[in-house]
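Following: one structure in structure tokens, then a few remarks.
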Amino acid sequence: MKLAILGAGDVGRSVADLAGDYGHDVVALADSTTAAVDPDGIDVDGALERKVGGQSVGSNDPEAVFETEYDVLVEATPTTLGDAEPGFSHVERALEDDRHAVLANKGPVAERYEELRALEADSAGSVRFEATVGGAIPILSTIEDETPQAVTAVRGVLNGTANFILTRMAAEGLDYEHVLAEAQDLGVAEADPTFDVDGTDAALKFVILANVLADGGFALEDATVEGIQSIPGSALDLAAEDGRTIRLIGEATREGVRVGPRLVPENGPLAVTGTRNIVQIETRNAGSLHSSGRGAGGPETATAVLSDVGRLPPL
Amino acid sequence: MDACKREVTTVSDEPGDEDAETDGGVRAYTVRLELVDEPGELLRALEPIANNGGNLLSIHHERGNITPRGHIPVEVDLESPPDRFDDIVDALRDAGVNVIQAGAEHYGEEVSVVLVGDLVDTDLSDTLSRIEDEADAVVRDLSLAAPDGTDAVTSARVRLAIDSGNADAALEAIRSLGSKKELTVVEPLLGGDAP
Ligand SMILES: NC(=O)c1ccc[n+]([C@@H]2O[C@H](COP(=O)([O-])OP(=O)(O)OC[C@H]3O[C@@H](n4cnc5c(N)ncnc54)[C@H](OP(=O)(O)O)[C@@H]3O)[C@@H](O)[C@H]2O)c1
């Protein structure tokens, strides 16, 4: 397949870097100001070197991406809430041109799911978005294989930063602010960790899961969301005395979405440690399935994008 | 019968040789049985429990207390995956054991919640008695942690006994009490994972 990649951050660059291993060609790679475009395949190494070196990724206008011949648009621009722009318009253009779209950007799938599906219905192209939920972990493809109707709930940990903070607080008996500062030093938490610790990032992923289970109907505003900022070390101590711990757990069902700190058995499957993610997929006919792994990172997320590309039908 | 003396006998049993069966988590149940006073009767009554994936927690057995029909009441606490519990009760009945009450037993379940906030200023004893009223629960015990003194943010773990099958409603009530008193309520994750 010929890939046009929008966004040259950790994810976009890793997709470009790994595409060849999966047998695909990169015909365009754009950041917010420029693009490298070549219908015969761009010089990926050169473009990545320029980008990492602080230069422009290419000499074309980002607009040129849409004018080149591509099969799949990879949307890896920043996740935005509400109208989910510019990601939504990018996907819209691809579908209107009868191309496929694969998203790493959570915004359009969480906030405008029904519109996205309507555009897909009128297009020869398809939309896939495994990378939006749980990075490298195959979650949406598992639900697809089980069929969404046979999945009754998805629960788990889908934010590595919050999980890291809770794990460290429990292990070291330290308070939230202290561990957050440590996480920022380690690069596990961003300079502005708001969306990770207040539950928004996890909520977007569980909203996407609820949309898949119910075939739409949910946006971030429909989720009940609580973060971990008000959890003191003493709460984790009390939980531990009872063989439990506290994790930022999300739940998606056809009825709704809830994210908040919850008590889970300390040695239970959902009490993953560090930045690891896990989901438990509860099925009607096959009991519970657990998948865990790395929920973020450039190469990890790129593998999810590229396995989506591999599942697309030829145009 | 003869093997058991009086009062409480605790039987501990290694849980779950069949991992797959406990995948959905286990719940605690209380079953009240009436046994005839014959040797071996208790042992016979307990067999169907273990054979159907149940794990015995304790047996309350009062020999002095005989029912009007001349039987001996026995209360058995057990845990099992929720979807196996009906099989256990059926198997008991099939084995000719007189099952008086099962599952719907009052306070058949326990849940713990952790409360965080200004617990002292918001009147902890009022909070606890309102939990008992509004969540229809009994506070079994309370652990308090106030590392920075009781004027600051404190945490409490409250273990509650509630009606079997009533956990969702009870937690809902505690949640709404928490938001009225501006307390953070850390609930257990029910369903799927062991509570
Ligand atoms: N990182 C992960 O582990 C992970 C995991 C799952 C999903 N995601 C999602 O994947 C997306 C990308 O993540 P990331 O970590 O790679 O983000 P990032 O490092 O912030 O990169 C975002 C990229 O998008 C570019 N961009 C912004 N506006 C654009 C526009 N209008 N047209 C073209 N490019 C534009 C930026 O350009 P400049 O370089 O010029 O600023 C930047 O290169 C996000 O939506 C994120 O939520 C990330």
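At a glance:
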| quantity | calculated |
| --- | --- |
| Any hit, segment A:131-141, residues being assigned to a strand (DSSP E or B) and touching a Gly at 6+ places or on another chain (Cβ under 7 Å) | no |
| Top-ranked residue in segment A:1-37 [being assigned to a loop (DSSP other than H, G, I, E, B) and more than 14 Å from the ligand (Cβ to nearest atom); ranked as least open to solvent (accessible area, probe 1.4 Å)] | A:His24 |
| Selection from segment A:211-240 of residues that are closer than 21 Å to A:Pro269 by Cβ and either in contact with a Lys or Arg (Cβ under 8 Å, 6 or more places away or on another chain) or open to solvent by 10 Å² or more (accessible area, probe 1.4 Å) (or both) | A:Leu213, A:Ala239, A:Ala240 |
| Test: A:Glu221 is more than 22 Å from A:Ala296 (Cβ to Cβ), assigned to a loop (DSSP other than H, G, I, E, B) and without any contact (Cβ under 8 Å) to a residue 60 or more places away in the chain | no |
| Breaking point among (1) open to solvent by less than 10 Å² (accessible area, probe 1.4 Å); (2) more than 13 Å from the ligand (Cβ to nearest atom), for A:Glu96 | (1) |
| Considering residues of segment A:102-121 that are open to solvent by 10 Å² or more (accessible area, probe 1.4 Å) and free of Cβ contacts under 8 Å to residues at least 60 places away in the same chain only, the residue farthest from the ligand (Cβ to nearest atom) | A:Ala121 |
| Matching entry among A:Gly216, A:Gly233, A:Gly227 (being within 14 Å of another protein chain (Cβ to nearest Cβ) and modelled with pLDDT of 95 or more) | A:Gly227 |
| Hits in segment A:38-69 - residues which are loosely packed, with under 12 Cβ neighbours inside 10 Å and of a type in the set (Gly, Ala, Ser) | A:Gly53, A:Gly54, A:Ser59 |
| Given (1) open to solvent by 10 Å² or more (accessible area, probe 1.4 Å); (2) touching a residue at least 40 places away in the same chain (Cβ under 8 Å); (3) within 14 Å of chain A (Cβ to nearest Cβ), number of the condition B:Ala95 does not satisfy | (3) |
| Filtered residue count, segment A:172-188, keeping only those that are open to solvent by 10 Å² or more (accessible area, probe 1.4 Å) and either touching a residue at least 12 places away in the same chain (Cβ under 8 Å) or not in a helix (DSSP H, G or I) (or both) | 8 |
| Exclusive hit being without any contact (Cβ under 8 Å) to a residue 24 or more places away in the chain, under 26 Å from A:Arg311 (Cβ atoms) and away from the ligand (no atom under 14 Å from the Cβ), set A:Asp45, A:Asp40 | A:Asp40 |
| Single residue of segment A:269-301 satisfying the filter (among the hydroxyl-bearing types (Ser, Thr, Tyr) and more than 13 Å from chain B (Cβ to nearest Cβ)) that is most open to solvent (accessible area, probe 1.4 Å) | A:Thr273 |
| Search result, residues across segment B:160-195 that are under 19 Å from the mean Cα position of the chain (by Cα), facing another protein chain (nearest Cβ under 10 Å) and modelled with pLDDT of 90 or more | B:Glu187, B:Pro188, B:Leu189 |
| Search result, residues across segment A:142-165 that are part of a helix (DSSP H, G or I), out of contact with any Lys or Arg (no Cβ under 6 Å at 6 or more places or on another chain) and among the hydrophobic types (A, V, I, L, M, F, W, C) | A:Ile143, A:Ala162, A:Phe164, A:Ile165 |
| Any hit, segment A:190-203, residues being open to solvent by 30 Å² or more (accessible area, probe 1.4 Å), away from the ligand (no atom under 13 Å from the Cβ) and farther than 30 Å from A:Leu312 by Cβ | yes |
| Matching residues in segment A:236-268 - criterion: being aliphatic (A, V, I, L, M), at the interface with chain B (Cβ under 10 Å from one of its Cβ atoms) and under 20 Å from A:Ser292 (Cα atoms) | A:Ile246, A:Ile249, A:Leu263, A:Val264 |
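The values are calculated or read from the model by the stated rules, or taken from the named source; none is laboratory data. Computed from a predicted structure; not experimentally measured. Please note: Cβ atoms are built from the backbone with ideal geometry, for glycine as well, and neighbour counts cover all protein chains shown. When the accessible area is computed, the model is the full protein with side chains, heavy atoms only, and any ligands, DNA or RNA have been set aside. Shrake-Rupley method; radii C 1.70, N 1.55, O 1.52, S 1.80 Å.
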